[in-house]
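Data first, discussion second: the structure below is written as C-alpha cells.
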Amino acid sequence: MSVGEPTTTNADAGDPAAEAVVDLAGGEPATFLDAMLDVDHPRKAAAADWARTHLRSRTASFDRGRWRAAASAGVLGLRTPVELGGSGRSAVDSLLTFEGLGLGTDDAGLVFALASQVFAMQTALVESGTPDQQRTWLPLLCSGDAIGCFAMTEPDTGSDTAAITTTAVPLAGGSFRIDGEKAWVTLGPVADVVIVFASTDSTKGRWGITAFLVPLDTPGVVVGEVETKSGLHSCPFGRIRFDGCVVGADTVMGKPGAGSAIFTSAVEAERAFLYAAQLGAMERSMAAAVHRARSREQFGRPIGQFQAVSHRIADMKLRHEASRLLVYKAAALHDRGVSVTMAAALAKLQTSESAITSAVDAIRIHGAEGYTEAAGVEMDLRDAVGGLAYSGTSDIQRNIVARMLGVERPVRRP
Ligand SMILES: Cc1cc2nc3c(=O)[nH]c(=O)nc-3n(C[C@H](O)[C@H](O)[C@H](O)COP(=O)(O)OP(=O)(O)OC[C@H]3O[C@@H](n4cnc5c(N)ncnc54)[C@H](O)[C@@H]3O)c2cc1C
C-alpha cells in the first residue's frame, strides 16, 4: 500500500461487500507538500472513486442512506478524536478526502452538508463541549446515527453576529429559557441536535453570547420546513424557533459568555476547510470544459483551437491551483496550531469567487447546451452561488483581511 492510501479491509476486491468496508479515514498521514505536489493524491483519489460508486448523480432532496454510507466510510469522524468515535485525522488529510468527494460526485448538497457538520458543528463540540456532551453526541454524530447543526444566523441578523436577538434568560437552579428564531440552518430540518447561540447578557454585546447544545426534541423547539433554494438541493436548510424552551445548565458549552469565541473558532475552521469540496467540483467542471473544447467543432475545427476558448480554460486551471494553495495552506497552518484568521479569509474569498467565475466559464464553453439542466454545468453554478454567503460573505472576508493588515488604523502623526 502506498503512502497515504486509505485502507480497504476486505481482501477480495471482486467481492461486492468490499465497497461497504472502504475506510476513507485510514492510511498514512499526508503533508501540505504531499497534497500540493500530487494533485491526484491517493487519499483524494480513493474518496473520488468511492463517491463515483456510492453518490452517483445528485439527488433532489436529502438522502439518509447516502449520509449513513458516508458515515460508514469514515467521513463524519475525520476530525473527531479516536476516543470519541472518530479517526482524529489532520486537517490536510480531511481536506484531501473532501476534495475527492467533490471531484467524484455532483451531489454537492450532500457533500456540503457533510462538511458543514464535520467542520463547523463537530469542531465546536470537540473544542468546547463538556466531557458529557462530547461522550453523548460525538460517537452518534460520527456513526451517522445522529445529525447535528449549528445555528447563529437569524432572519434579521446575518453578518453582524454580535447583534443576535435570541435570548437565553437564566432561571433559578441554573437552567435557561431560550426564545428566538434561527434561519438558514444547514441540516436543521433533519437534525437531532443543534448548537444554538443566544444572548445571556444583552448589555455585553458579543461577550454576552452563550453557546448551548440542545436536542431538537426538547419542548419549546419548533423545527421549520425545508426551504427551497437555487442549488445544493440535497442539503436541507431551514428555520429553528425557540418558544420558551427551558434547558439545563448542562447544555451550556464552555461557559456563559464564551459563545462568540466558540463561534469564531468553529467558523474559521469551516471557512478554511468547507471549500475543499468545491476544489474537487472545480476540477470536475474543468475536465468537462476540456472535453467540450476538444469534441465540439465550429468553423471546421474543435473550439479548443480558438484561443478565446483555450485561454478561458487556462484561467480556470489558474484559479483552481491558486485556490488549492490557499485552502491547503490554511489547513497546514491549522495543523500546526497557528491562527488561521487571515489564511481562512483568503482561502474562502478566493475559492468561493473562483468557483463562480469558473462555473460561468464552463457554461460559456458549453454554449446553449451549458444552459440546459442535462449538461450539468449550470447546476455547478447554482451550487457555487451559495458559497457567496455561507461562512461569511465575500465583503466580510475582505473586511477581515483589511482589518488584519491594519488598513483602517490611521497613521499616528508625531
Ligand atoms: C447554503 C447556506 C447555508 C447556510 N448555513 C448556515 C448555518 O448552518 N448556520 C447559520 O447560522 N447560518 C447559515 N447560513 C447563513 C449565512 O451564515 C449568512 O447568509 C451569512 O452570514 C450572511 O448573512 P445574511 O445572509 O443575513 O446577509 P447580510 O448580513 O444581510 O448581508 C447582506 C449584504 O450586505 C453585505 N454586508 C453586510 N455587512 C457588511 C459590512 N460590515 N461590510 C461590507 N458589506 C456588508 C454583505 O456582504 C451582503 O452582500 C447559511 C447560508 C447559506 C446560503
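The values are calculated or read from the model by the stated rules, or taken from the named source; none is laboratory data. As the structure is a computational prediction, the values presented were derived from the model and not from experiment. Cβ sites come from the backbone with ideal geometry, for glycine too, and all protein chains shown count toward neighbours.
Taking each residue of segment 36-63 that is outside the structural domain of Val327 (by TED's automatic domain parsing) and looking for partners that are part of a loop (DSSP other than H, G, I, E, B) and surrounded by fewer than 15 Cβ atoms within 10 Å (Cβ to Cβ) with beta-carbon atoms closer than 7 Å, six or more apart or interchain, yields Pro42/Ser2.
Among the residues making up segment 91-108, those that are within 19 Å of Ser143 (Cα to Cα) and of a type in the set (Ser, Thr, Tyr) are Ser94, Thr97.
Inside segment 393-414, residues that are assigned to a loop (DSSP other than H, G, I, E, B), within 15 Å of the ligand (Cβ to nearest atom) and over 18 Å from Tyr275 (Cα atoms) make up a count of 2.
Only residues that are touching a residue at least 60 places away in the same chain (Cβ under 8 Å) and aliphatic (A, V, I, L, M) were counted in segment 181-236, giving 8. Residues of segment 274-300 that are over 19 Å from Asp315 (Cβ atoms) and in contact with a Ser or Thr (Cβ under 7 Å, 6 or more places away or on another chain): Leu274 alone.
Put simply, of Cys245, Cys235 the only residue that is assigned by TED's automatic domain parsing to the domain that holds Ser202 and under 20 Å from the mean Cα position of the chain (by Cα) is Cys235. Residues that are out of contact with any helix residue (DSSP H, G or I) (no Cβ under 8 Å at 6 or more places or on another chain), away from the ligand (no atom under 16 Å from the Cβ) and not aromatic (Phe, Trp, Tyr) occur in segment 128-136; there is at least one. Within segment 372-389, one or more residues are crowded, with 22+ Cβ neighbours inside 10 Å and either free of Cβ contacts under 8 Å to residues at least 24 places away in the same chain or more than 16 Å from the ligand (Cβ to nearest atom) (or both). Return yes when Ala258 is within 16 Å of the ligand (Cβ to nearest atom) and surrounded by 16 or more Cβ atoms within 10 Å (Cβ to Cβ) and no when it is not. Answer is no for this residue.
Criterion applied to Ala120, Ala146 was being part of a helix (DSSP H, G or I) and in contact with a helix residue (DSSP H, G or I) (Cβ under 9 Å, 6 or more places away or on another chain), and the one residue passing it is Ala120.
Scan segment 174-205 residue by residue and report those that are within 16 Å of the ligand (Cβ to nearest atom) and more than 23 Å from Ser116 (Cα to Cα). Ile178, Ser199, Gly205, listed by residue number. Scanning segment 137-169 for residues that are of a type outside the set (A, V, I, L, M, F, W, C), more than 16 Å from the ligand (Cβ to nearest atom) and buried (at least 17 other Cβ atoms within 10 Å of the Cβ) yields Pro139, Gly144, Thr167.
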